[in-house]
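Colleague: Okay, handing you the structure first.
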Amino acid sequence: MKVENIRAFRAEVPQAAIDDLKDRLARTRWPEKETVDDWDQGVPLAYAQELAAYWREDYDWRTVEARLNALPNFLATVDGLDIHFLHIRSDNPAARPLVLTHGWPGSVLEFLDVIAPLSADYHLVIPSLPGYGFSGKPAAAKWSVEHIAAGWDALMRALGYNRYFAQGGDWGSAVTCAIGMNHGDHCAGIHVNMIVGQPDPALMADLTDAEKLYLARFGWYQAKDSGYSTQQATRPQTIGYALTDSPVGQMCWIVEKFHGWTDCGHQPGGQSVGGHPERALSKDAMLDTVSLYWFTASAASSARLYWHSFRSFAAGEIDVPTGGSLFPNEIMRLSRRWAEKRYRNIVYWNEVDRGGHFAAWEQPELFAREVRAALAQMTL
């Protein structure tokens, strides 16, 4: 795959776009209040109004924009599409290359707090997925997980890294696994914080207590929390019209997941009961990501990855050395004996005591320690 025209990039959202956002927020047409006392029907009206008011009156996009621009940002044209990425070269002469990949509804922003600890020992490449953030929006229906994996492999080699490690969660896990499956000649090993696979039917009659909890958690996801994925996997263009035109719509579409998927104090077994997203992420942190989706108008383009690849998310076996870190409020958690059916060469496995789906964002120090511990078991 061809990589060309690598050049510096700077994020600069026009002031007119910020003014337009605030005007739209002021003119929001609100629905009636939910008929329950929790998040079971979605983001509660009172919290949506509180967060929208903060977004309009107090939030400052320029803060995170400046933080992003303080890092080395680049664009590269990969197979004809502009891909945005951060590239932080370590000062350590023994540093090893590592590509970190985010998912939905995430972005490169969720890795900002792990750059300092990881760059002490790793050259970091942190791309924005196609159709996400400041990457280009594909005009052709070809950017599946496998195509992205090939693009990342080509990008790493274009940067001079013929051997490297890969890490990811959510869609980043799928891309990372595809790199491990298809590009093992260059990828020396992977670490994932969302371990995706199927429980072994032969073991279902003898479940451990932990496995029963894993199944209950995923059962809740399927029954109460997977509507977004069905919509995005079948009609991403349709939902894109709504979210691209309404900032409150885009905000709630994403913030609902910051409640359901973070380790924010849920009642066990009922992820809509209890908990509050601000126990895991600040208003500013959540709105940084929401604003990035809004300013780049990437609701439809980000959703199309589901259309391409959601049905094959867990396909294929991985033979490269693999590290897995299980965070307690992850969407899907597999026991090691289940995971070994797909991940054929597990060299590191650990279950940590805090954190959720957005591990690097929620628990940056713990996440960085897990990545280090896993990759310490692998050689280039």
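Colleague: As I understand it, the dipole of segment 3-375 uses +1 on the Cβ of Lys and Arg and -1 on the Cβ of Asp and Glu, about the Cα centre. Which of 251, 191, 112 lies farthest toward its positive end?
Modeller: About the Cα centre, the residue reaching furthest to the positive side is 191.
Colleague: Would you kindly state how much longer the chain becomes between residue 69 and residue 23 on full extension, computed as 0.36 nm times their sequence separation minus their alpha carbon distance, in nm to one decimal?
Modeller: Computed gain between residue 69 and residue 23 is 13.9 nm.
Colleague: While we're looking at this one, here's another question. Straight-line reach from residue 224: which lysines have Cα under 16 Å away, leaving out those fewer than 8 places along the same chain?
Modeller: 257
Colleague: Using just the C-alpha positions of segment 186-252 as equal point scatterers, what log10 of I(q)/I(0) does the Debye formula give at each q in 0.23 1/Å?
Modeller: Taking Cα atoms of segment 186-252 as identical point scatterers yields -1.03.
Colleague: In the chain, if the dipole is taken from +1 on Lys/Arg beta carbons and -1 on Asp/Glu beta carbons about the Cα centre, which of 48, 234, 275 is farthest to the positive end?
Modeller: Highest projection toward the positive end goes to 234.
Colleague: Using DSSP, restrict attention to beta bridges with both residues in segment 3-375 and report what percent are antiparallel, rounded to the nearest 5.
Modeller: 40
Colleague: Taking the Cβ-Cβ separation of residue 319 and residue 62 as r and a Förster radius of 56 Å, what is the calculated FRET efficiency to the nearest 0.05?
Modeller: It comes out at approximately 0.75.
Colleague: Please list, in chain and number order, the residues 5+ apart from residue 101 or on another chain whose amide H is under 5 Å from its amide H, with Hs placed from the backbone.
Modeller: Answer set, sorted by chain and number: 167, 168, 169.
Colleague: Under the definition of Cα pairs under 8 Å and six or more residues apart, what whole-number percent is the relative contact order of segment 3-375?
Modeller: After rounding, I find 20 percent.
Colleague: Oh, and also: Using the Cα centre of segment 86-205 as the reference point, and only Cβ charges (+1 on K/R, -1 on D/E), how large is the resulting charge dipole? Debye, rounded to the nearest 20.
Modeller: 320
Colleague: Also: Mind giving me the FRET efficiency for residue 231 and residue 46? R0 is 30 Å, r the Cβ-Cβ distance, nearest 0.05 is fine.
Modeller: 0.75
Colleague: Let me ask another. Strictly over 24 Å apart at the Cα level, which of 212/341; 212/283; 137/341 would you flag in this model?
Modeller: The pairs that break the limit, which is 24 Å between Cα atoms, are 212/283; 137/341.
Colleague: Quick one: of the DSSP bridges fully inside segment 74-189, what percent are antiparallel, nearest 5?
Modeller: Looking only at bridges with both residues in segment 74-189, the antiparallel portion is about 45 percent.
Colleague: Among 181, 194, 204, rank each residue by its count of other Cβ atoms within 10 Å, from fewest to most, as a rough exposure measure.
Modeller: Ranking 181, 194, 204 by Cβ neighbours within 10 Å, fewest first, gives 204, 181, 194.
Colleague: Assuming 0.36 nm per residue, please report the length gained on full extension of the stretch residue 340 to residue 2 beyond their Cα-Cα distance.
Modeller: 118.2 nm
Colleague: Next up: Helix-only estimate, please: 222 nm mean residue ellipticity of the chain, summing -39500 (n - 2.57) across DSSP H runs of length 4 or more and dividing by its residues, to the nearest 500.
Modeller: My calculation for the chain gives -12000 deg cm²/dmol from helical runs alone.
Colleague: For a quick check: sort 252, 177 by the number of other beta carbons within 10 angstrom, fewest at the front.
Modeller: Exposure proxy ranking, most exposed first: 252, 177.
Colleague: Sticking with this structure for a sec: When the chain is fully extended, how far beyond the present Cα-Cα distance does residue 35 get from residue 311, taking 0.36 nm per residue of separation?
Modeller: Going from the current span to full extension adds 96.0 nm.
Colleague: Would you grab the residues whose amide H sits under 5 Å from the one on residue 9? Only those 5+ places off in sequence or on another chain, please, with H modelled 1.01 Å from N.
Modeller: Placed amide hydrogens put 73, 74, 75 under 5 Å from residue 9.
Colleague: Moving on. Assign unit charges at the C-beta atoms only (+1 for Lys and Arg, -1 for Asp and Glu), then state the dipole size of the chain relative to its Cα centre in Debye, rounded to the nearest 20.
Modeller: With only Lys, Arg, Asp and Glu charged at Cβ, the dipole is about 880 debye.
Colleague: To make sure I understand, if each residue's beta carbon is the centre and we count other beta carbons within 10 Å, what order do 98, 207 fall in, fewest to most?
Modeller: 207, 98
Read-outs: derived from the displayed coordinates by stated rules, not from any lab. On a predicted model such as this, the values are computed, not experimentally measured, just so you know. Because the Cβ atoms are built from the backbone with ideal geometry, glycine has one as well, and the counts that use them run over all protein chains shown.
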